[in-house]
1. Between rounded, prolate and oblate, where does the stretch 247-342 land on the alpha carbon gyration tensor, with a ≥ b ≥ c its root eigenvalues, rounded for a/c under 1.5, else prolate if a/b exceeds b/c?
2. Restricting to Cα pairs below 8 Å that are 6+ residues apart, what does the relative contact order work out to for the chain? Please round to a whole percent.
3. Carbon and sulfur: what percent of the chain's accessible surface (1.4 Å probe)?
4. Pick from F241, F307, F323: which residue has the top mean-square fluctuation in a GNM of the chain where Cα pairs under 10 Å get a spring?
5. Where does each of 179-185, 256-262, 154-160 land if you order them by average Cβ count within 10 Å, highest first?
6. Show me, for the stretch 167-183, the HN-Hα J-couplings you get by feeding each phi into the Karplus relation (A = 6.51, B = -1.76, C = 1.60, θ = phi - 60°), rounded to Hz, glycine and proline as x.
7. Output the pairs from K238/K322; K238/K284; K224/K269 with a Cα-Cα distance over 18 Å in this structure; if there are none, say none.
8. Over the chain, give the accessible area per residue in Å² for a 1.4 Å probe, as an integer.
Amino acid sequence: MNKNNKNTQSAALTPPLEGQGEVVILAIESSCDDTSAAVLCDGILLSNVTASQAVHEAYGGVVPELASRAHEQNIVPVVDQALKRAGVEREQLSAIAFTRGPGLMGSLLVGVSFAKGMARSLGIPLIDVNHLQGHVLAHFIKEAEDDHDQPSFPFLCLLVSGGNSQIIKVNSYKDMEILGQTIDDAAGEAIDKCSKVMGLGYPGGPVIDRLARQGNADAFKFAKPNIKGYDYSFSGLKTSFLYSLRDWLKDDPDFIEHHKEDLAASLEKTIVDILMKKLRQAVKDTGIRQVAVAGGVSANNGLRNAFHDHARRYGWKIFIPKFSYTTDNAAMIGITGYFKYLDKDFCSIDAPAFARMEK
């Protein structure tokens, strides 16, 4: 395995398979720069193995060509380790679930091609999974039989990541209605770009989160959009942040170094305020008080605190994923695949990957 990669995984969470008749799903996720494989039995997670790519840090963002090459190196050992840690043989698999899109096309093709080849060699069904749907359904990942802390339908989900900011009304695992979404930049994208302007490196999310915990969130004010409905916009905030820094740096060339904690805290607060204002309106209008958050930005401490605060103030029943299920992972693909398997919702061997959502 590429020495630039960092490997994370869960230990086997249940004993090896016993008896016959279980639904055993191998799931593969390769939409961006994480190669991940997971094994689930009857909806219970047995293993979840992920290889991340540190090589992109030097470039300030994911380089698609490097990402696809790393997936090619990682896919076989990651799948092998997922099966071994689950105590599962290939012949015990009922189906293979894979991320079909959206994502980087080169990265997706590695996972899609591997899943198709393995499914064909074993003579088992293929299950295609929408990456965004997987993030929403991460709340249904069970690590033990008695794990029942999942939302009931319908619920609202705030999906926030580097590429998406959406409010989704989830009526069932296969019936999701997008109430609002970003019309330009996503929340995670805005954080990463502002972090880059400050010279804090990539990915910016964890750095901004860490600095924000030490700063004054009311130190600086940045522009907030006035968009109708439930849609989001973060391009104006990004521009406001950039122009403000430009002006402050004229007076103090070391302004960022002197105020980076307060800048991070103020930026985070502005983004969280924008996200929660629209979500509060959606809860009020729909009357749905079960509210979940998902996606990479759901790991942000400020956003998690805001959810807890809203639960106390407004009586929401909230669902916040474990940190291991916030980033791209195969466990969320596996649980989505399991639900689709129960409905016999399989895909053909010639189903193509897709980089963007089909309109």
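The values are calculated or read from the model by the stated rules, or taken from the named source; none is laboratory data. Everything numeric here is computed off the predicted structure, so don't read it as measured data. Cβ placement follows ideal geometry from the backbone for every residue including glycine, while neighbour counts extend to all protein chains displayed. The protein model used for the area step is the full one, side chains on, heavy atoms only, and it has no ligands, DNA or RNA in it. Shrake-Rupley method; radii C 1.70, N 1.55, O 1.52, S 1.80 Å.
1. Oblate shape, in that a/c is at least 1.5 and b/c is the bigger or equal ratio.
2. Relative contact order of the chain: 22 percent.
3. 50 percent
4. Top of the fluctuation ranking is F323.
5. Final packing ranking: 154-160, 179-185, 256-262.
6. 3J(HN,Hα) across the stretch 167-183, in whole Hz: 10, 10, 8, 9, 8, 6, 4, 10, 10, 10, 10, 7, 7, x, 7, 5, 9.
7. The pairs that break the limit, which is 18 Å between Cα atoms, are K238/K322; K238/K284.
8. 45 Å²
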